[in-house]
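Enquirer: I have a structure here, written as structure tokens, and I will follow up with some questions on it.
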Amino acid sequence: MQFLFYSSNALRWTRQVQTWSIVQLVIAIPIIILGVYAMIIGMAFGYWLIPLLIPICLLALTVYNASHYTRLINNNTVVAPPKADRLAALRSWPKPLFSLFLYEVFSKKWVAYAVTKLASLVSIVLIFSVFPDSHSDMRLLGIISLCVAVAHVILIYQASEFELFYLRFARNFPYSRWQVYGQQVALYSLLVLPELVWFLVVGKSSQGLLGALLLLSVTLLFRALLYWLGQQMTYYLRLVFGLFIFFLLTNLFGFTELLIIGNAVAAWVFLYRYQYKY
């Protein structure tokens, strides 16, 4: 939009209207074809008024739209800078590298964040209502951890996209692999912080901790899978669903601790293999 503002405004008003008229004519080619067809049919049956009005209406509509877009592109409000005071209260906050996506969430992706947290809350309530007599069962907390992790898949995908397009330069920073892995642990811990706190409060000391660790490890693995797949949403969702079924069965057979360790190690292997070896 800024390119259009600073380039097209160099032309005279009449020249801008002519240029936008050409654009409108190209867009309206299907309508023009239908109009010509209607004119031919009307003239063939001896009707002259409507066939004569059709080109006049199309021409008037084209000129009006061209004039409207010319006025719009010359209006300074079109390229007005975004509201800089939206996050004014956060300017003084520390901004380590791992936290940049959180500010992106607060600024632009708050709707996706709110929907994700709503889906997470609904999954917790539904599972607790379906199994009211098993609140102390570790397998139930494991199921909730897996459902909450799957609910955050879109945010995980967006975090990977943000890192790929806006933080590519960070790969040149002198961070060790363990530092990068620690940054991801910090980022996704903050991203799922309400759920982690819920696990620690609702579950017993050991069970709540295991539920929180399972949620974090699965989230890290879901993020690390994108190093291998790339930003291929279709294949990513299929793989996530398949892993969810596998993890669900593994948790139901009581291998929750093994699942936590395996996911954390697998996330580290993907990080090492696909981000730093090549």
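Enquirer: At pLDDT below 85 and farther than 30 Å from Glu161 by Cβ: does that describe Leu4?
Expert: Judged against the criteria, Leu4 is not a match.
Enquirer: Also, I was wondering about something else. Looking at region 208-222, can you tell me whether even one residue there is aromatic (Phe, Trp, Tyr), in contact (Cβ under 8 Å) with a residue 12 or more places away in the chain, assigned by TED's automatic domain parsing to the domain that holds Pro96 and closer than 17 Å to Ser123 by Cα?
Expert: Checking region 208-222: not a single residue is aromatic (Phe, Trp, Tyr), in contact (Cβ under 8 Å) with a residue 12 or more places away in the chain, assigned by TED's automatic domain parsing to the domain that holds Pro96 and closer than 17 Å to Ser123 by Cα.
Enquirer: Listed residues Val192, Val185; which is farther than 13 Å from Phe98 by Cα, at pLDDT 85 or above, assigned by TED's automatic domain parsing to the domain that holds Phe247 and of a type in the set (Val, Ile, Thr)?
Expert: Val192
Enquirer: Sticking with this structure for a sec: Can you confirm whether Tyr175 is touching a Lys or Arg at 6+ places or on another chain (Cβ under 9 Å) and either at pLDDT below 85 or in the same structural domain as Asn263 (by TED's automatic domain parsing) (or both)?
Expert: It is false that Tyr175 is touching a Lys or Arg at 6+ places or on another chain (Cβ under 9 Å) and either at pLDDT below 85 or in the same structural domain as Asn263 (by TED's automatic domain parsing) (or both).
Enquirer: Within region 218-229, how many residues are of a type in the set (Ser, Thr, Tyr) and modelled with pLDDT under 90?
Expert: 1
Enquirer: Given the criteria at pLDDT below 80 and in contact with a helix residue (DSSP H, G or I) (Cβ under 9 Å, 6 or more places away or on another chain), does Ile32 qualify?
Expert: So Ile32 fails the test.
Enquirer: I need the full set of residues from region 149-180 which are free of Cβ contacts under 8 Å to residues at least 24 places away in the same chain and of a type in the set (D, E, K, R), in order please.
Expert: Arg168 - this is the single residue of region 149-180 that is free of Cβ contacts under 8 Å to residues at least 24 places away in the same chain and of a type in the set (D, E, K, R).
Enquirer: Might you check whether a residue that is in contact with a Leu (Cβ under 6 Å, 6 or more places away or on another chain), at pLDDT below 90 and more than 16 Å from Tyr274 (Cβ to Cβ) occurs anywhere in region 156-168?
Expert: no
Enquirer: Look through Ala10, Ala60, Ala80 and report the one residue that is exposed (fewer than 13 other Cβ atoms within 10 Å of the Cβ), over 30 Å from Phe106 (Cα atoms) and at pLDDT below 80.
Expert: From the options Ala10, Ala60, Ala80, the qualifying one is Ala10.
Enquirer: Any idea which of (1) at pLDDT below 90; (2) crowded, with 19+ Cβ neighbours inside 10 Å is the one Gln232 doesn't satisfy?
Expert: Unmet for Gln232, out of (1) at pLDDT below 90; (2) crowded, with 19+ Cβ neighbours inside 10 Å: (2).
Enquirer: Also, I was wondering about something else. Taking region 129-144, which residues are without any contact (Cβ under 8 Å) to a residue 12 or more places away in the chain and part of a helix (DSSP H, G or I)?
Expert: Ser129, Val130
Enquirer: Could you tell me how many of the residues in region 181-197 are under 22 Å from Leu121 (Cα atoms), out of contact with any Phe, Trp or Tyr (no Cβ under 6 Å at 6 or more places or on another chain) and touching a residue at least 40 places away in the same chain (Cβ under 8 Å)?
Expert: Matching residues across region 181-197 total 5.
Enquirer: Tyr69 is checked against (1) at pLDDT below 85; (2) outside the structural domain of Thr19 (by TED's automatic domain parsing); (3) of a type in the set (Ser, Thr, Tyr) and fails just one. What number does that condition carry?
Expert: Tallying (1) at pLDDT below 85; (2) outside the structural domain of Thr19 (by TED's automatic domain parsing); (3) of a type in the set (Ser, Thr, Tyr), Tyr69 fails exactly one: (2).
Enquirer: With respect to the numbered conditions (1) within 15 Å of Leu191 (Cα to Cα); (2) touching a Gly at 6+ places or on another chain (Cβ under 6 Å), which one is the sole condition not fulfilled by Leu141?
Expert: Of (1) within 15 Å of Leu191 (Cα to Cα); (2) touching a Gly at 6+ places or on another chain (Cβ under 6 Å), only one is false for Leu141: (1).
Enquirer: Being at pLDDT below 75, in a loop (DSSP other than H, G, I, E, B) and more than 30 Å from Gln179 (Cα to Cα) is the requirement here; does Pro94 meet it?
Expert: Working: at pLDDT below 75: yes; in a loop (DSSP other than H, G, I, E, B): yes; more than 30 Å from Gln179 (Cα to Cα): no.
No.
The values are calculated or read from the model by the stated rules, or taken from the named source; none is laboratory data. Predicted model only: the values in this text are computed from it and were never measured. Cβ atoms come from the backbone with ideal geometry, glycine included; neighbour counts cover every protein chain shown.
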